[in-house]
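Peer 1: A single structure is presented below for examination.
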Amino acid sequence: MCLLHPGVEAVRTCERCGRYACTPCVSHGGRCGDCIRQYVAAVPSSKDRARRAARFLRFSGVVGLCNLLLYLWSVYFWAVLFVPGSSEYLKIMRALEPIGMIVYGAAWVLSRITPILCWMWLHRVVRQIGAWGGDVGATPAWAVGFWLVPFVNLVKPFRVMRGIVEELGGKSLAASLRLGMWWFAFMLALVLNWLAESLSMRLMPPPLAIAVSLLKVGFLIYIIPVAFHCVRIVREIQERLDARRSGL
């Protein structure tokens with residue numbers, strides 16, 4: 001009979017401790033409730049990492065908005081008000097240069113730190129889910145490593161994120177978070193940024209320069225809502241993780 005439910009016949013033994021258990025007691029990875037609690041307790045919570053990742057994602061969104069406004073401002077002066085090379089144009093550009101350098105520097109720093117914080121949080125999340133027998137389609141190390149492998153990083157990180165969300169809230173949660181739309185916008189923003197950065201290093205006629213400027217504006221417009229949507233995804237996943245930990 002089941003050790004925790006003496007009136008219920010056991011269907012198997014716990015894979016960790018060997019105690020007899022009924023079906024509800026071994027519903028998570030073949031381990032009984034006590035062993036699951038021990039596994040979960042052995043993995044630290046990802047709450048602090050989620051807080052840091054969300055904070056830096058918000059910073060990235062705000063800095064991206066400032067970068068967009070500065071870029072549109074400079075393009076406006078260049079295309080509408082003053083001829084490039086004129087004294088008025090140069091005066092305005094010199095006045096905006098310190099602000100632009102600060103915003104650009106902040107964007108550069110955030111673009112390096114924010115992914116690392118998000119990967120640290122992701123690694124801890126996958127460890128926690130694995131502790132109670134869940135499967136997101138990757139180990140904690142590969143959940144991060146997939147982001148760094150060319151071509152693989154076009155698909156696998158999205159599948160891992162979808163696995164995490166469905167493990168915590170099912171397909172309904174994945175649909176409410178619009179993961180597919182978020183991933184498409186994220187990929188599109190990266191492509192636009194790569195095209196803009198690659199083409200901006202070359203000398204080109206005015207029509208092509210305008211096209212490059214539009215690509216840059218498109219990247220900045222896309223990356224802002226993507227960053228804030230990432231905050232929502234992190235917050236939703238972490239809240240459900242915390243609820244499940246407290247329930248155990």
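Coordinate-derived values only; no laboratory data. Owing to the predicted nature of the structure, the values given are computational and were not obtained by experimental measurement. Virtual Cβ from ideal backbone geometry, glycine too; neighbours counted across all protein chains shown.
Peer 1: Would you pull out the residues with amide H under 5 Å of ARG31's amide H, same chain only if 5 or more places away, H placed 1.01 Å from N?
Peer 2: GLU15
Peer 1: Another one. For a quick check: with amide H placed at 1.01 Å from N, whose amide H comes under 5 Å from ARG12's, ignoring anything fewer than 5 positions away on the same chain?
Peer 2: It is ALA21, by chain and number.
Peer 1: If I model a spin label at ARG55 and ARG16 as a point 7 Å from the Cα along the Cα→Cβ vector, what separation in nanometres do I get?
Peer 2: So the two model labels end up 3.2 nm from each other.
Peer 1: Here's something else I'd like to know. Before rounding to the nearest 500, sum -39500 (n - 2.57) across all DSSP H runs of length at least 4 in the chain and divide by the residue total; then give [θ] at 222 nm in deg cm²/dmol.
Peer 2: -25500 deg cm²/dmol, from helical runs alone.
Peer 1: Same structure again: Place a point 7 Å from the Cα of VAL149 along the Cα-to-Cβ direction; which residues of segment 92-135 have their backbone N under 20 Å from it?
Peer 2: The answer is 116, 119-127, 130, 135, whose backbone nitrogens lie closer than 20 Å to the label point.
Peer 1: Could you name the aspartates and glutamates in cross-link range of LYS47, using Cα to Cα under 17 Å and dropping any fewer than eight places away on the same chain?
Peer 2: Reachable aspartates and glutamates: GLU236, GLU239, ASP242.
Peer 1: Cut-off under 22 Å on the C-alpha distance; same-chain residues fewer than 8 positions from LYS156 excluded. Which lysines are left, in chain and number order?
Peer 2: Partners found: LYS171.
Peer 1: Under the classification rounded if a/c is under 1.5, otherwise prolate if a/b is larger than b/c and oblate if not, where does segment 8-52 fall, given a ≥ b ≥ c as square roots of the Cα gyration tensor eigenvalues?
Peer 2: Since a/c reaches 1.5 and a/b is larger than b/c, the shape of segment 8-52 is classed as prolate.
Peer 1: Rank these for me by crowding, LEU188, LEU179, LEU148, going from fewest to most other beta carbons within 10 Å.
Peer 2: By the 10 Å Cβ count, ascending: LEU148, LEU188, LEU179.
Peer 1: In Å, the Kirkwood hydrodynamic radius of the chain over pairs of distinct alpha carbons?
Peer 2: Final number for the Kirkwood radius of the chain is 21.1 Å.
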